[in-house]
Amino acid sequence: MTTATVYLIGAGPGDPGLLTVRAKELIETCDVVVYDYLANKEFLKYARKDAEIIYVGKKGGDHTLPQDKINELIVELAKSGKSVARLKGGDPYVFGRGGEEAEELVEAGVPFEVVPGVTAGVAAPAYAGIPVTHRDHTTSVCFITGHEDPTKEESGHNWDVYAKSTSTLVFYMGVKNLPMISERLIEGGRDPQTPVALVRWGTRAEQQSFVSTLAEVAAEAERRKFAAPSIIVVGGVCGLHDKLAWFEKRPLLGKGVVVTRAREQASGLVRTLSDLGAHVYEFPTITIEPLDSYEELETAILRLPMQDWVVFTSVNGVKFFWDKLGEIGLDSRIFGGIQIAAIGPATADALRERGIKPDFIPEKYVAEHVVAGLLERGIVGKNVLIPRAKVAREVLPEQLAEAGAHVQVLPVYETKLAQEDGAEIMDALTKDKLDYVTFTSSSTVDNFFELVDADALKDYKAANPGKARLACIGPVTAKTLEKHGLRPDLQPEDYTIPALVEALLKAE
Ligand code: SAH
C-alpha cells in the first residue's frame, strides 16, 4: 500500500469566505477529513460524499482526542493509503500545533503539505476595524500565546520586552489570563491607558468586540462575560476600532435565519443573508429530483412547434427542460416563433441565460397574475404548455383552461421531502438562536412541518414574542402556513426573494 499525503490545512477564522481556494480543492478531493473545534463545520459540505469525516475536538482543556492520538490517527490513515485533509482553525502553524503534527509525519515517513490559512490574530481584529499595523501607531506586531503549555516549568514569555516594545500585541487563548496579562504589561511599564480590544468569535455572525484600556480591560471582559475564543489586541491601533468597524454594522448581524428552500436553490438567499450578517441555518425541506421517466417530456419537445405559448413557472422547470433538450441534441432554436412566459424574475433570468427573452413576465409573481396577463395577450383558444413540478398547484392551468386556452401540463421534475433532521432546528429554537424562519413556497411550509412540530413552534413563539418570526414569500405560502395553525409575521409586498430579504431588514 503506498502511503498517501496528509495536508495540514488552515481553515481560516470562521467566515466561510476566508477559506483558501487550495484548501477547498483539497477538502473536495481527500479520502478523509479530520477537523477540530475551531474549523468551521460548514466546510464539510465540500467533502466527497464517500469521504470519511472525523472530529477530533479540542476546546480549551477538553480534548476529544489527545494530541498524540491525533498524530497517530493521521499517520495511520495516510499509511493505509488514504489522503487526509487535516483541517485546523486559522493557520495550522500559528498556535495550531501544526508544527508538531508535521514533525510526526516526517518521522513516520508520511508525505505532507501545508496550506496556510487566514489566522484569527489578523482576521478577527480586521473584522472589528483594527488593522494590526498602521504607520501612525506601530511598526511591528507580535503574536503571543496567552495560555502557555501548562507543563512548562519556566515561562517562555519576557513580559518586560512586551511591555516596553511599541509592537501591537496580539494574544491568542488569553481571555482566562487577561487579569494576569494586563497586570504584567502595566508592571513592565506599558501605559495603563493603552487601548486594548477583545474580539470574540471574530469573522462569524456571532462576532462581538469592545475596546477598553489596559487598566480596565480585565474587569470589563468579566462584566461582559467574554469567553474563548477571543483575540486580545493591545496597542494604539485599537483606537481605530470605532472609525473602521464595518462587520458588526451589518444589519442582520448574529440573527439566526432558517432557509427552507431546496439546497440547489438556496445558495443565492443564503449568500445574501450571510452578507447581511445573519447566521443562516440551511434546512432544506425539499429536494429537487429528476423524474423516473422522461418519455412525456420527449414527446412534448418533438411536438413543441404545435404550441402557441410555453409558460415556465420555476427555475427548475427551465433547467430540467433544457437539460432534456440538450440530451436529445436540440437547443433554444426549437422555440422558434413560440411565445414564452416566465412566472417571475428568477425564472426569466434562467430563460435569458439560455438565450430566450421572455415575452411576458407578470408584475406580481403568483399564478393569478399570470392568468390575467396572458388573457390580455390573447391566450384564449391557444395551445399552452406548462412545464413544471410533478405535483403543483392547479390554479394556473385551471384558470387558463377556464378562460378558454388549450392547456397541457408537463411534469419535468419532482420535489420530495428532504431527509433533514428536525431535531437540529428544535435545538437551535430552544436555545433562542432563531430569529426568522423563511418560507419560499407552499411545499417548504408543508415539508417543514413534517420535520418540525408545529405545536412546539407555536408554544415557543407565544412564550418568546419577537423570536422565530415566520416570513412567507407571498399570500399562497401564507395560507399554507395558516393551515398548520400559524400566521406569518412577515410578508413582502412583492413576491420575490429580494423582497423577502427587504422585509426582514425592515423588521429589524
Ligand atoms: N491556529 C489558529 C489559532 C488556534 S489557538 C489561528 O491561526 O487562528 C486558539 C485561539 O485562537 C483561541 O483561543 C482564540 O484566541 C483564537 N481564535 C481562533 N479563532 C478565533 C475567532 N474566530 N475569533 C477570535 N479568536 C479566535
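Rounded to whole Å, give me the distance from the Cα center of region 126-164 to that of region 463-498.
Between the Cα centres of region 126-164 and region 463-498 lies a distance of 50 Å.
Listing SER140, SER209 from the residue with the fewest other Cβ atoms within 10 Å to the one with the most, what is the order?
SER140, SER209
Which far-off residues, 5 or more places away or on another chain, put their amide H under 5 Å from the one on LEU65, with H placed in the peptide plane?
It is LYS58, by chain and number.
Which value at 222 nm does the chain reach when only helices count, each DSSP H run of 4 or more adding -39,500 (n - 2.57), with the total divided by all residues and rounded to the nearest 500 deg cm²/dmol?
Counting only the DSSP helices, I get -10000 deg cm²/dmol.
Return the aspartates and glutamates within reach of LYS319: Cα separation strictly under 13 angstrom, same-chain partners fewer than 8 residues apart disregarded; answer none if there are no such residues.
Cα-Cα hits under 13 Å: GLU264, GLU289, GLU327, ASP331, ASP349, GLU353, GLU414.
With a ≥ b ≥ c the root eigenvalues of the C-alpha gyration tensor of region 289-417, is it rounded (a/c under 1.5), prolate (a/b larger than b/c) or oblate?
Rounded shape, in that the Cα axes give a/c under 1.5.
As I understand it, the dipole of the chain uses +1 on the Cβ of Lys and Arg and -1 on the Cβ of Asp and Glu, about the Cα centre. Which of HIS241, LEU374, VAL115 lies farthest toward its positive end?
Result: LEU374, furthest along the dipole toward the positive end.
At a Cα cut-off below 19 Å, give the lysines reachable from LYS249, other chains included and same-chain residues fewer than 8 away excluded.
Reachable lysines: LYS506.
Take every DSSP beta bridge whose two residues both sit in the chain, then give the antiparallel share in percent to the nearest 5.
30
Given the pairs LYS69/LYS176; LYS364/LYS467; LYS69/LYS164, which span a C-alpha to C-alpha distance of over 32 angstrom in this model?
Exceeds cut-off: LYS69/LYS164.
For region 221-231, what does the Karplus curve 6.51 cos²θ - 1.76 cosθ + 1.60, with θ = phi - 60°, yield as ³J(HN,Hα) per residue in whole Hz, taken in order and with x for Gly and Pro?
Karplus-based 3J(HN,Hα) across region 221-231 equals 5, 5, 4, 8, 6, 6, 9, 5, x, 9, 9 Hz.
Quick check for me: using +1 on Lys/Arg Cβ and -1 on Asp/Glu Cβ, what's the dipole size of the chain about its Cα centre, in debye to the nearest 20?
Roughly 960 debye for the chain.
Take the residue pairs LYS49/LYS431; LYS24/LYS390; LYS24/LYS324; LYS24/LYS82 and return only those whose Cα atoms are more than 24 Å apart.
LYS49/LYS431; LYS24/LYS390; LYS24/LYS324
Kindly write out, for region 460-465 in residue order, the coupling ³J(HN,Hα) from the Karplus curve 6.51 cos²θ - 1.76 cosθ + 1.60 (θ = phi - 60°), rounded to whole Hz, with x marking Gly and Pro.
Calculated HN-Hα couplings, in order: 4, 4, 5, 7, 10, x Hz.
If I take R0 = 25 Å and measure r between the Cβ atoms of GLU216 and THR145 in this structure, what FRET efficiency does the formula 1/(1 + (r/R0)^6) give, to the nearest 0.05?
The value I calculate is 0.60.
For ILE9, ILE334, ILE70, which order do you get if you count the other beta carbons within 10 Å of each Cβ and list the fewest first?
ILE334, ILE70, ILE9
Can you list which of the trypsin sites (Lys or Arg not before Pro) found in region 167-249 are DSSP loop residues with at most 12 other C-beta atoms within 10 Å?
Loop-located and lightly packed - LYS225.
A short reminder: the numbers here are calculations on the coordinates, not readings from a lab. Predicted, not measured: the structure shown is a model, and the values here were computed from it. Virtual Cβ from ideal backbone geometry, glycine too; neighbours counted across all protein chains shown.
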